[in-house]
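The values are calculated or read from the model by the stated rules, or taken from the named source; none is laboratory data. Computed from a predicted structure; not experimentally measured. Quick reminder, even Gly has a Cβ in these numbers, built from the backbone with ideal geometry, and neighbours come from all protein chains shown. For accessibility, only protein heavy atoms count, side chains too; no ligands or nucleic acids. Shrake-Rupley method; radii C 1.70, N 1.55, O 1.52, S 1.80 Å.
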Amino acid sequence: MEYYQARTMLLVIFIFPALVECKVRLYNFRVVLTNTTKLCSTKSIPTINGKFPGPTIYAREGDNVNIRLTNQVQYNVTVHWHGVRQLRTGWADGPAYITQCPIQPGQSYLYNFTLTGQRGTLLWHAHISWLRATIHGAIVIFPKKGVPYPFPKPDKEKIIILSEWWKADVEAVVNQATMTGLPPNISDAHTVNGHTGAVPGCTSPGFTLHVESGKTYLLRIINAALNDELFFKIAGHNITVVEVDATFTKPFSTDTIFIGPGQTTNALLTADKSIGKYLIAVSPFMDTVVAVDNVTAIAFLRYKGTLAFSPPVLTTTPAINATPATSTFMDKLRSLNSKKYPANVPLTVDHDLYFTIGVGIDPCATCTNGSKAVADINNVSFIMPTTALLQAHYYNISGVFTDDFPAKPPISFNYTGNNTAMNLKTTNGTRAYRLAFNSAVQVVLQGTTIIAPESHPFHLHGFNFFVVGKGIGNFDPDNDPKKFNLADPVERNTVSVPTAGWIAIRFKADNPGVWFLHCHLEVHTTWGLKMAFVVDNGKGPNESILPPPSDLPTC
């Protein structure tokens, strides 16, 4: 297929995505600086093609997607296609220094991957420093031609991207925090499709979701925020959840969605209320003592025929510490587990891993107080390498990482008890855990109360996993597994570990390569709350990672 022809086809797809079938989807992404005004102040931000949020990628299950990313800003850049399985194509996954070296200013790289066995909503975002604050967008994967949704067909579909906004230069915010060793400044507002709505001290029209009476809409809701788990609510309306993280779920009705950074939720909205304007509220969740941006983003759902100055129908937002609301929502999520969309949960495990997650304090001679905030898994704070792990693994380059990441905490203690007397210092290293191809893996992610307990949205690259159990307090290896849901647990790529609690996930290591596991709160990733799995090649012809592309960036 000629490049010009493919681009022409793409234009048609972008406008009429459901009408055209094409096996190859080509996109040109240019990273550029764009002047943008929000909160009554203007700043220059890195964007894709001058858009915030960035352009939507449309494709069908089974399509090959090619994105040419050209870096025209002063920062090194990578982009991660969050939730895409990347079967054997780890070179296209995107996390800097994990699967690739960054794309340097003036350079370009072709991301090339196939959407295998996935349909629904995902997102893409920068995966280096804090650039994903403004470099992010939606991925919409339609079912194969002629394959219906497993729920009533909506009349229309709407993408809703939630995010955060800083008045300051976000890179300056994180650089200042790195120099001082202190937590970075919180954001100044939340956004809905790039709009804050009216906030104290600044009038803004906000985003409007236009609907027609009697019609049903599929809302594709994405949390692209850096550090905030969010509640999403539409005044006077219930919505029906039908999918999370591009996997179908058993439908259930709710008036409030709980969604962590990196998560996506598809929900059906029927416009069945009186003609008028209804408040859409996006508010943060934080049930501990950690500082958070508590500004509610305001948008509106507006029925066709609503008079120009109609007063809005209002709603109340959940309390900022509404832990029961988050738990209730998560407990309702179940895999569809139908004949066509089965839940293939590993019933036995080859690797039984116990990962404690939390924060600590390490010495820092150059920092303001002589120390810095860090984060760790099993007391290992991850040090980013200067050579990409996948390259080191593929080419057997020694000295880049070790494969001795601990399968359990080095010291056993009351993880969710009173730990004020604990030694807060961590160990540091670039350590990975090695998995045999197709082995079954269980990871219990155990929150801790060191310094402060906190909810942690954890993301695993390269895989979906099943959330087989969760609880508050310390995981009990003798009794808690007896209560695991191995029949229809929700399948996803990002899950929130409850504050001072635990989550148990299972997955099959059927994708060779190097795959990042990290907290999707960017502040915690920056502090080292991350690790990597090395999945060895199998023996079959389609069980080895593909060779690296010729234009793979160099460090």
Residues of the stretch 473-497 being in a strand (DSSP E or B) and among the small types (G, A, S), which ones? S496
Per the filter on the stretch 498-555, residues part of a strand (DSSP E or B) and farther than 30 Å from D331 by Cα are G513, V514, V534, V535
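Are any residues in the stretch 213-250 outside any loop (DSSP other than H, G, I, E, B), within 26 Å of E61 (Cα to Cα) and among the aliphatic types (A, V, I, L, M), and if so, which ones?
L218, L219, I221, I222, I239, V241, V242, V244
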Screening T180, T196, T191 for residues that are out of contact with any Asp or Glu (no Cβ under 8 Å at 6 or more places or on another chain), in contact (Cβ under 8 Å) with a residue 12 or more places away in the chain, under 30 Å from L69 (Cα atoms) and of a type outside the set (K, R) leaves only T196
Give all pairs with beta carbons closer than 7 Å in which a residue from the stretch 333-351 that is of a type in the set (A, V, I, L, M) meets a residue that is part of a loop (DSSP other than H, G, I, E, B); count only pairs at least 6 apart in sequence or on separate chains. L333/V490; L336/P150; A343/N337; A343/D488; V345/L486; L347/L486
Unique match (being at pLDDT 95 or above and closer than 24 Å to V497 by Cα) among I377, I361: I377
What pairs come out if I take residues in the stretch 486-504 that are outside the structural domain of G417 (by the TED database) and pair them with residues that are among the aromatic types (F, W, Y) and part of a strand (DSSP E or B) whose C-beta lies under 8 Å away, six or more apart or interchain? none
Selection count, the stretch 360-383, where residues are outside any strand (DSSP E or B) and either within 26 Å of the chain's Cα centre (by Cα) or not assigned by the TED database to the domain that holds W515 (or both): 3
Any chance you could count how many residues in the stretch 395-418 are surrounded by 18 or more Cβ atoms within 10 Å (Cβ to Cβ) and hydroxyl-bearing (S, T, Y)? 2
Between a first residue in the stretch 104-119 that is under 21 Å from L131 (Cβ atoms) and open to solvent by less than 60 Å² (accessible area, probe 1.4 Å) and a second residue that is assigned to a loop (DSSP other than H, G, I, E, B) and of a type in the set (G, A, S), which pairs have beta carbons less than 9 Å apart while being 6 or more apart in sequence or on different chains? Y111/G94
Can you name every residue in the stretch 159-183 that is at pLDDT 95 or above and assigned to a loop (DSSP other than H, G, I, E, B)? W166, K167, A168, D169
Got a number for residues in the stretch 220-238 being surrounded by fewer than 24 Cβ atoms within 10 Å (Cβ to Cβ) and under 28 Å from K339 (Cα atoms)? 1
Quick one: would you say A271 is out of contact with any His (no Cβ under 6 Å at 6 or more places or on another chain), more than 30 Å from E454 (Cα to Cα) and surrounded by 18 or more Cβ atoms within 10 Å (Cβ to Cβ)? yes
Applying the selection to the stretch 280-305, what residues are open to solvent by 10 Å² or more (accessible area, probe 1.4 Å) and either in contact with a Leu (Cβ under 6 Å, 6 or more places away or on another chain) or assigned to a loop (DSSP other than H, G, I, E, B) (or both)? M286, D287, T288, V289, V290, A291, V292, N294, V295, T296, K304, G305
Is it the case that some residue within the stretch 507-514 is open to solvent by less than 20 Å² (accessible area, probe 1.4 Å), modelled with pLDDT of 95 or more and within 30 Å of E164 (Cα to Cα)? yes
Consider only pairs whose beta carbons are under 7 Å apart and that are at least six residues apart or on different chains; among these, list those whose first residue lies in the stretch 39-57 and is basic (K, R) and whose second residue is open to solvent by 50 Å² or more (accessible area, probe 1.4 Å). K43/D169
Hey, any hits in the stretch 246-261 for a residue that's among the polar types (S, T, N, Q), over 21 Å from the mean Cα position of the chain (by Cα) and over 30 Å from F151 (Cα atoms)? no
Tell me which strands (runs of 3 or more DSSP E) are completely within the stretch 384-464 and hold 3 or more residues being in contact (Cβ under 8 Å) with a residue 60 or more places away in the chain, or say none if there are none. 432-435, 440-447, 456-460
